[in-house]
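A short reminder: the numbers here are calculations on the coordinates, not readings from a lab. This one's a predicted model, so the numbers in the text were calculated from it and none came from an experiment. With ideal geometry, Cβ positions are generated from the backbone for all residues, glycine too; neighbour counts draw on all protein chains shown.
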Amino acid sequence: PSFDSAEPFKGFDSVVWALGVDNAFGGLVVAVVIKYADNIMKCFSNATSTLIATILCIPLFDFEPSSLFLVGAVVIICSVLLHGRAIRLPHPIFDKVLCLVARSGNSGKG
């Protein structure tokens, strides 16, 4: 099939338009997340959404995750909980290290 400049949207059906709107909306959501949160939150949300989509694939498509996926899932969950300070590491030195990392990450913001 060749491109017809007179009809550039020839062959577009409702699924294609829905995917285009979905991608546009996703881009706007990313812009809002970066404006009101930070780049780390964007990375966490991407990782978490991949994790959730994979978990949904287990019952829907009989997907069997590998042990490497399970290790990655644990790392994602722990990093999100540590970043949100929902859990704390047992030794006080970890709080100092996390504060130093947080300060160095925010040094470019204003």
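Of the residues making up region 1-53, those that are outside any helix (DSSP H, G or I) and surrounded by 11 or more Cβ atoms within 10 Å (Cβ to Cβ) are F12, A37, D38. Here is the figure for region 33-66: residues that are more than 22 Å from L81 (Cα to Cα) and of a type in the set (A, V, I, L, M, F, W, C) total 5. Residue by residue through region 37-79, note down the ones that are farther than 22 Å from G26 by Cβ and polar (S, T, N, Q). If the condition is that a residue be farther than 22 Å from G26 by Cβ and polar (S, T, N, Q), then S66, S67, S79 are the ones that fit.
For P65, the conditions (1) surrounded by 10 or more Cβ atoms within 10 Å (Cβ to Cβ); (2) part of a helix (DSSP H, G or I); (3) not hydroxyl-bearing (S, T, Y) all hold with the exception of (2).
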